[in-house]
Every structure is written in structure tokens, then in C-alpha cells.
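Taking it in order: structure first as C-alpha cells, then the write-up.
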Amino acid sequence: MIAVSPPTPFTPAQLRERVQQILAAGVLPPIVQAGHPVLRQQAAAFAGQISDTELEQLIVLMRNVMHEAPGVGLAAPQIGIPLQLAVVEDQFDVDPESAAIRHRMPLEFLAILNPRYAPVGTETAAFFEGCLSLSGLQAVVVRHERVLLRFVAPDGRDMEREFAGWQARIVQHETDHLQGTLYVDRAELRSLSSNAEYAANWAEPGIAKARAGLGFLPELH
């Protein structure tokens, strides 16, 4: 077996320099794609490595990148910054049937530092999801239906907030990014589909048709 060393973590000075470079560029940075080592390392916990002003500017930049993509969440490693910071927001219009089946409600903009989640109850839900760092693909992921998220707000306050349904899926996905985990690590790989095949065959509120057609999660009824 070949020994694999984990990526060398950034020093606080290197992390701040990376943030300053991205902020100074004056353009939206590209979204890092799967295969880049920054997506596979545990991001550094935020501990004042950048100034309050730089943090505020970085949050604004990440929100703009998320909107431009477009997406409902973005983690700092996805723009090459190994820092435990993510932004989430879901204001997309979805049809009432999909919203009801997926328990999808609008999510106001939120920036989270050093997040951790824990399940609330035992209920899970399985739906297709994608990732801006795995462009063009979707797969079914079984996730906790309800979670308690503990995080630090940009103003330094320790926060706890419960999320359910699609909102819970979003915060789990983004928190996973900060631990070096991509959604495909948790996915039902037989469900993995290109966006084109998903649109042609499996684009419906639930996953019953895809589950039968692709042969995954046979224990569900």
C-alpha cells in the first residue's frame, strides 16, 4: 500500500496572504474543482487569522461567487481558501410539489464559521444533490432530515440553530466541505448522473423513478 501524506496545512500567515491575494484581484475567483487538494483537507478553524474587515470582504465575495454560479452554498475551500467559513442562501423559486416533497423553504443569507452539526432525531431523507466543485454531476445522498448546527457568527458570537428539510441538507453539505468531505463520499454511487441524463430521465421531486431505474437503495419502500 502506498502511504499518502495529508496536504500540508497553511500557516496563519499563508492563509491571510491567500485571502488578501483573492480580495485584491478585483474579480470573482473560479470555483475549485474536485481533484484539487484544498478540497480534501480539513480547513483551519477560524481564529482571527484575518482582520474583521477582510472577513467581511471575503463573505461578500463568497456570496457573489455563490450567486454567480448559481448555487445555494459555498465553502471557502471552494475558492482555494482552507478556512472554516461557508455561506448559504436559498431564495430560488421551486414548484410547490417539489417544495413540499423535499421540505424546501427559503433560507435567508447566513455566513457560518467553524460549523459542526449533529442529528436531531433519527429521520433521514434521500434526494439528488450536486456541488459547484463537481460540475455537471448529481447523485442521491441520504442525509439527516433535521440537524442542530453549532457555529460562530462573523461578529464572534457562538450560535446554535436547528435546520430541517432542504435547509438541513444545505448546511450539512457545506459543513462537510470544511472537513474535506465531498457529497460523492456519502452518495449512492449507482445514482450518479450527468446533469443532462438527470434532466432527461430523473428530474422529478422524489427519487422513486431513479431508484428503480438505476438500482440503488433497494431497502426503501
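The values are calculated or read from the model by the stated rules, or taken from the named source; none is laboratory data. Quantities reported herein were computed from a predicted structural model and do not represent experimental measurements. All Cβ positions, glycine included, derive from the backbone under ideal geometry; neighbour counts span all protein chains shown. Side chains included, ligands, DNA and RNA excluded: accessible areas come from the protein's heavy atoms. Shrake-Rupley method; radii C 1.70, N 1.55, O 1.52, S 1.80 Å.
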_Ranked order, LEU220, LEU182 - accessible area, probe 1.4 Å, largest first_ = LEU220, LEU182
_So with the 1.4 Å probe, I'd like the accessible area per residue for the chain, rounded to whole Å²._
51 Å²
*Taking the Cβ of SER98 as the centre, find all other residues whose Cβ is under 10 Å away and add up their charges (Lys, Arg: +1; Asp, Glu: -1).*
-1
_Rel. contact order, % - alpha carbon contacts under 8 angstrom, at least six apart, the chain_ = 20 percent
*Could you check how many percent of all C-alpha pairs in the chain are farther apart than 30 Å?*
24 percent
*Carbon and sulfur atoms: what percent of the 1.4 Å accessible area of the chain do they account for?*
54 percent
*Where does each of 135-141, 17-23 land if you order them by average Cβ count within 10 Å, highest first?*
135-141, 17-23
*Area of ARG157 that stays accessible when all protein chains are in place (1.4 Å probe, Å², to 10)*: 130 Å²
*asked:* Below 8 Å between Cα atoms, with a sequence gap of 6+, how large is the relative contact order for the range 100-221 in percent?
replied: 27 percent
_Under 5 Å between amide hydrogens, which residues at least 5 positions from SER191 or on another chain qualify, with H placed 1.01 Å from N in the peptide plane?_
VAL140
*Using the Cα centre as the reference, give the magnitude of the dipole from point charges on the C-beta atoms of the chain (Lys, Arg: +1; Asp, Glu: -1; all else neutral), rounded to the nearest 20 debye.*
520 debye
*Do the sum for the chain: with -39,500 (n - 2.57) for every DSSP H run of n ≥ 4, divided by all residues, what is the mean residue ellipticity at 222 nm, to the nearest 500 deg cm²/dmol?*
-8000 deg cm²/dmol
_Cβ-based charge dipole, the chain, positive-most Cα from VAL60, GLY121, VAL27_ = GLY121
_Using the Cα centre of the range 1-155 as origin and beta-carbon charges of +1 (Lys, Arg) and -1 (Asp, Glu), tell me which of ILE101, VAL88, VAL142 is placed farthest towards the positive end of the dipole._
VAL142
*For LEU137, list long-range residues whose amide hydrogen, built 1.01 Å from N in the peptide plane, is under 5 Å from its own amide hydrogen.*
CYS131, ASN195
*Helix axis angle, 12-24 relative to the chain longest principal axis, alpha carbon, degrees*: 80 degrees
*Treating the beta-carbon of each Lys and Arg as +1 and of each Asp and Glu as -1, no other charges, what is the dipole magnitude of the range 61-182 about its Cα centre, to the nearest 20 debye?*
300 debye
*asked:* What's the magnitude of the charge dipole for the range 83-155 around its Cα centre, counting Lys and Arg as +1 and Asp and Glu as -1 at the beta-carbon? Answer in Debye, nearest 20.
replied: 380 debye
